[in-house]
Structure formats: structure tokens, C-alpha cells
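The values are calculated or read from the model by the stated rules, or taken from the named source; none is laboratory data. What you are looking at is a predicted structure, and each value in this text was computed from that prediction instead of being measured. When we count neighbours, we look across all protein chains shown, and the Cβ atoms used for this are built from the backbone with ideal geometry, even at glycine. What goes into the accessible areas is simple: the full protein's heavy atoms, side chains included, and nothing from ligands, DNA or RNA. Shrake-Rupley method; radii C 1.70, N 1.55, O 1.52, S 1.80 Å.
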Amino acid sequence: MLPMSGCMKTRCGLSAITFTEGTAMSRRNSFVFYRSFRAAMEGLLPNEYQLFMNAIVMYGLDRTLPDLPPELSRIFYDYCYPQLEADWVKWERRQSRKGGTR
């Protein structure tokens with residue numbers, strides 16, 4: 001499992017990445033990975049691809065906002081964040097009808 005903050009070792013060397021942790025109540029076991037996310041990642045270098053993929057997974061599962069380099073951040077917030085956030089809103093609505101996180 002990759003660390004949530006600090007540096008992570010990649011095949012291309014060390015890449016810095018930090019995350020703002022979500023709360024324990026805001027965690028879920030799965031999320032939908034959309035084809036548009038893959039399209040947004042086309043053309044990224046291997047180390048950028050890894051940072052970007054980790055950002056999608058961390059936000060999709062834990063609602064943890066990534067600290068990405070400016071260009072990757074723009075791609076994330078333009079193409080992935082709106083859909084991931086909409087999915088979180090739907091998930092929270094379902095959880096509140098069930099009486100909490102399970």
C-alpha cells in the first residue's frame with residue numbers, strides 16, 4: 001500500500017505527494033472509475049500517471065484531496081473531481097437513509 005503523505009518510491013525515482021486525510025466516517029469500500037478518467041490520463045509520463053492514479057483512488061475511496069503539481073491538479077479538478085464529488089454526494093445520501101456508515 002502506498003503511503004498517504006510524504007514521499008513514495010516509484011520506478012522513476014522519488015515523487016513527493018501529500019494528501020489531506022478524510023474522516024473515518026467518510027470512507028467507503030469502492031468507487032466507480034470512469035472511462036473519462038482514463039482519457040484524461042493519456043499522454044502522462046509514468047511518474048505523473050502514478051501520482052494521478054493515486055489521487056483518483058484516494059479521493060474516490062476516502063475523499064482525500066490530493067496535493068498535485070499544477071498541471072496534474074488542473075486535469076484532476078477539470079475531469080475527475082466533479083464526477084467523484086457527485087458520486088460522494090449520492091453515497092452520503094444513501095448512507096443517511098440507512099442510518100450511518102456501514
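Considered as a group, the residues in the range 74-95 that are without any contact (Cβ under 8 Å) to a residue 40 or more places away in the chain and either among the aliphatic types (A, V, I, L, M) or more than 20 Å from V32 (Cα to Cα) (or both) include one that is surrounded by the most Cβ atoms within 10 Å (Cβ to Cβ), and that residue is I75. Here the range 19-39 is the region considered, the condition is being open to solvent by less than 30 Å² (accessible area, probe 1.4 Å) and outside any loop (DSSP other than H, G, I, E, B), and the residue that is modelled with the lowest pLDDT is F19.
For the range 53-67, a tally of residues being buried (at least 20 other Cβ atoms within 10 Å of the Cβ) and either among the aliphatic types (A, V, I, L, M) or more than 20 Å from R27 (Cα to Cα) (or both) returns 3. Taking the range 88-102 as the range and being of a type in the set (S, T, N, Q) and modelled with pLDDT under 75 as the test, only T101 passes.
Scanning for something of a type in the set (D, E) and not in a helix (DSSP H, G or I), does the range 63-75 turn up at least one residue? There is at least one residue in the range 63-75 that is of a type in the set (D, E) and not in a helix (DSSP H, G or I).
Which of the residues that make up the range 62-73 are closer than 15 Å to F37 by Cβ and touching a strand residue (DSSP E or B) at 6+ places or on another chain (Cβ under 7 Å)? If the condition is that a residue be closer than 15 Å to F37 by Cβ and touching a strand residue (DSSP E or B) at 6+ places or on another chain (Cβ under 7 Å), then P66 is the only one that fits. Checking each residue in the range 40-52 for being assigned to a helix (DSSP H, G or I) and surrounded by fewer than 16 Cβ atoms within 10 Å (Cβ to Cβ) picks out P46, N47.
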